[in-house]
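Written out below as structure tokens is the structure these notes cover.
The values are calculated or read from the model by the stated rules, or taken from the named source; none is laboratory data. Remember, predicted model here, so these are calculated numbers, not experimental data. A quick note on method: Cβ atoms are made from the backbone with ideal geometry, for glycine too, and the neighbour counts reach across all protein chains shown.
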Amino acid sequence: MTNDSTESVPSDFRLQTRFIICCGLARGFLRFYIVSYGLGIYILNLLIGFLSPLDDPELEPSDGPMLPTKGSDEFKPFIRRLPEFKFWYAITKAFCVAFLMTFFSMFDVPVFWPILLCYWIVLFVLTMKRQIMHMIKYKYIPFNLGKQKYGGKKASASSRSSPRAD
């Protein structure tokens, strides 16, 4: 079953825009840093699950299908630890919860936001570096690059000009 998430992306974008407007404009200029930071960490965690294979060779050796590590290994399809639909559904739920949290002043904790932003950027860079190194080590790509094209036999010029012997 294929999942076409083209309809869920605009609705998620509208929800994210409402959250940003609520945190930034409607409730005062840029507030609810802890809620936004927690949301960013949760989305980063979801992204890791979305980019990770279901059967990770580093976690446990299994007898089932494994990621191919050599060019001669048989092709095994990439199966995500967190499927795309569950990824978008969890993000939508997270934005709804974060949006509801902005209505309560107890979640508006005064913090120095540049520290949270710098920490989140460092965490994102280190996490993505580790994930990319894992992808390189086990030679997998967690997304589709389009239909694979194979180069078939090309007819040589001498075979086209020679008459067929039937």
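I want to confirm something. Restricting to region 95-137 and keeping residues that are among the hydroxyl-bearing types (S, T, Y) and under 16 Å from F32 (Cβ atoms), which single residue is farthest from the chain's Cα centre (by Cα)? Don't jump to the end; show me each part of the working.
Going residue by residue through region 95-137, those that are among the hydroxyl-bearing types (S, T, Y) are 102, 105, 119, 127.
Going one step further and asking which of them are under 16 Å from F32 (Cβ atoms), we end up with 102, 105.
On the way: T102: 26, S105: 32 Å.
Ranking the qualifying residues of region 95-137, first place goes to S105.
For (1) farther than 19 Å from I136 by Cα; (2) in contact with a helix residue (DSSP H, G or I) (Cβ under 7 Å, 6 or more places away or on another chain); (3) hydrophobic (A, V, I, L, M, F, W, C); (4) modelled with pLDDT of 90 or more, each residue gets a yes or a no:
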position: P10; (1), (2), (3), (4): yes, no, no, no
position: F19; (1), (2), (3), (4): yes, yes, yes, no
position: L25; (1), (2), (3), (4): yes, no, yes, no
position: S36; (1), (2), (3), (4): yes, yes, no, no
position: F50; (1), (2), (3), (4): no, yes, yes, yes
position: M66; (1), (2), (3), (4): no, no, yes, no
position: E74; (1), (2), (3), (4): no, no, no, no
position: W88; (1), (2), (3), (4): yes, yes, yes, yes
position: V111; (1), (2), (3), (4): yes, yes, yes, no
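Just to be sure, is S159 exposed (fewer than 10 other Cβ atoms within 10 Å of the Cβ), modelled with pLDDT under 70 and assigned to a helix (DSSP H, G or I)?
Numbers: exposed (fewer than 10 other Cβ atoms within 10 Å of the Cβ): yes; modelled with pLDDT under 70: yes; assigned to a helix (DSSP H, G or I): yes.
Criteria met by S159.
Taking the criterion of being within 15 Å of G40 (Cβ to Cβ), in contact (Cβ under 8 Å) with a residue 60 or more places away in the chain and of a type outside the set (A, V, I, L, M, F, W, C), no residue of region 103-114 qualifies. Checking the stated criteria, I41 turns out not to satisfy the condition of being farther than 26 Å from V109 by Cα and at pLDDT 85 or above.
Restricted to region 82-102, and to residues there that are closer than 23 Å to D55 by Cα and out of contact with any Asp or Glu (no Cβ under 8 Å at 6 or more places or on another chain), the residue that is surrounded by the most Cβ atoms within 10 Å (Cβ to Cβ) is F87.
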